[in-house]
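The values are calculated or read from the model by the stated rules, or taken from the named source; none is laboratory data. None of these values were measured; they are calculated from a predicted model. Note that each Cβ is placed from the backbone with ideal geometry, even for glycine, and that neighbours are counted across all protein chains shown. For the accessible areas, the whole protein counts, side chains as well, though only heavy atoms, and no ligand, DNA or RNA atoms are used. Shrake-Rupley method; radii C 1.70, N 1.55, O 1.52, S 1.80 Å.
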Amino acid sequence: MGGVPAKPPVAEIEVDAHVVRVSNPDRVYFPASGATKLDLVEYYLSVGDGIVNALRERPCMLHRFPKGLAGEKVHQKRLPAGAPPWVETVQLFFPRWKRTADELCVTELAQVIWAVQMSTVEFHPWNSRRADTEKPDEWRIDLDPGPECDWETVRRAAHLSHEILDELGAVGFPKTSGGRGLHIYVRIPPDHGFTEVRHAALAFAREVERRADGEVTTAWWRKDRDPAQLFVDYNQNARDHTIAAAYSVRGVPEARVSTPIRWDEIDTVVPDDFTIFTVPQRYAELGDLHADIDEHVFALAPLLEWAERDAAD
């Protein structure tokens, strides 16, 4: 029989002063577990302060999956159309394409939930903020294992990085990548451009490489790396290079989460421990382990001296 087609279901989510209408809340985003779009929304609500702290005032690229993981993945710099007036942006210029783009700039949780409504799974912020997008305030250490590099090597590289940070007087905030590696964030004053921060990051990476007995490399080209080595990806500090934020879900079948951890957990956790199903309880118990990162600012001068030393050598 004919008739009026049924309207797709909509869930209305109250987030502080806003209401976000989530269309197709029952759409399966993660087929392996059956987790839906609404499950993703509820996950981000459960870590609200943490994800906002990770994204606050930063230009943010979105990894969107309009049909869930079974469909196409969209890397989107420009804010999706149809945003309500309370969704904030920051305009960036991209010299390579000679054009600008207005990127999402999160200041409150409702903006995160709206982005999830627009099929965003992953949030990839810049390491600079809206006040001056050309001056990073976050140095990112990306411990990126090669295809044959095991988790024990990642752990050793993390401990070595921690040791060197302690020697420098810098406070590092580790997290799982949501993939096979680890990230360590260090807050820095926004006094340097991307080139200087990248040079400082490379100097640190080379120091890790020197002490790692061949397990770590800073070789840029994959062909020059041993697949069993770990690459310290200093180039993640270059302009317009982004990695998944703390508490960002990753677009993988297990629905893993890039999760802040304590240094004393390095030897006991594995990436699969942290998913949209397990992190909410952890967050309820521990809160945001990166909450006080802004209180530990490290001046880059010692690393820039290392960079000059390396250049002279």
Query - Accessible area, probe 1.4 Å, largest first, for residues Trp306, Trp114 - result: Trp306, Trp114
Query raised in the report: Tell me, what is a quarter of the convex hull surface for the C-alpha atoms of region 5-89, in nm² with one decimal?
Result: 7.0
Query raised in the report: Ordered by residue, what ³J(HN,Hα) values in Hz, to whole numbers, does region 222-231 give under the Karplus form 6.51 cos²θ - 1.76 cosθ + 1.60, where θ = phi - 60° and Gly and Pro are x?
Result: 4, 5, 8, 9, 6, x, 8, 8, 9, 9
Query - Backbone HN-Hα couplings from phi across region 207-214 [Karplus 6.51/-1.76/1.60, Hz, Gly and Pro as x] - result: 5, 4, 4, 4, 8, 9, 6, x
Query raised in the report: Largest first, how would Arg64, Arg206 line up by accessible area (1.4 Å probe)?
Result: Arg206, Arg64
Report summary line: Between Ser128 and residues 5 or more places away or on another chain, the pairs with built amide H atoms under 5 Å apart involve Asp137
Query raised in the report: Heavy-atom accessible area per residue, the chain, 1.4 Å probe: how many Å²?
Result: 45
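How would Leu109, Leu303 rank on accessible area, largest to smallest, probe 1.4 Å? Mind dumping the intermediate values first?
Details: Leu109 25, Leu303 0 Å².
Descending accessible area places them as Leu109, Leu303.
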Report task. List every residue whose amide H lies under 5 Å from the amide H of Lys67, counting only residues 5 or more places away in sequence or on a different chain, with H placed 1.01 Å from N in the peptide plane. Result -> Glu72
Query raised in the report: How big, in percent, is the set of alpha carbon pairs in region 224-264 lying more than 11 Å apart?
Result: 76
Report summary line: Which residues qualify? For Ser119, with a placed amide H closer than 5 Å and at least 5 residues away or on another chain, they are none
Query raised in the report: In whole angstrom, how far apart do the alpha carbon centroids of region 273-313 and region 186-244 sit?
Result: 14
Report summary line: Using alpha carbon centers only, region 24-77 is separated from region 133-177 by a whole-angstrom value of 25
Report summary line: Ala299 and Glu285 label points (each 7 Å along its Cα→Cβ direction) are spaced in nm at 4.1
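Quote to one decimal, in nm, the extra length available between Glu134 and Asp267 on full extension: 0.36 nm per residue of separation minus the C-alpha distance between them.
On the way: separation 133, 0.36 × 133 = 47.88 nm, distance 3.65 nm.
Full extension of this stretch gives 44.2 nm more.
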Query raised in the report: In nm, to one decimal, how far is the modelled label at Asn235 from the one at His162, with both set 7 Å along Cα→Cβ?
Result: 2.9
Query raised in the report: Of Val116, Ala284, Pro174, which is farthest on the positive side of the dipole of the chain, counting Cα position, with +1 on Lys and Arg Cβ, -1 on Asp and Glu Cβ, and the Cα centre as origin?
Result: Val116
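Using every Cα-Cα pair within region 69-171, state what percent have a distance larger than 21 Å. Don't skip to the end; give the middle numbers.
On the way: 2962 of 5253 pairs.
Here the long-distance tail beyond 21 Å is 56 percent of all Cα pairs in region 69-171.
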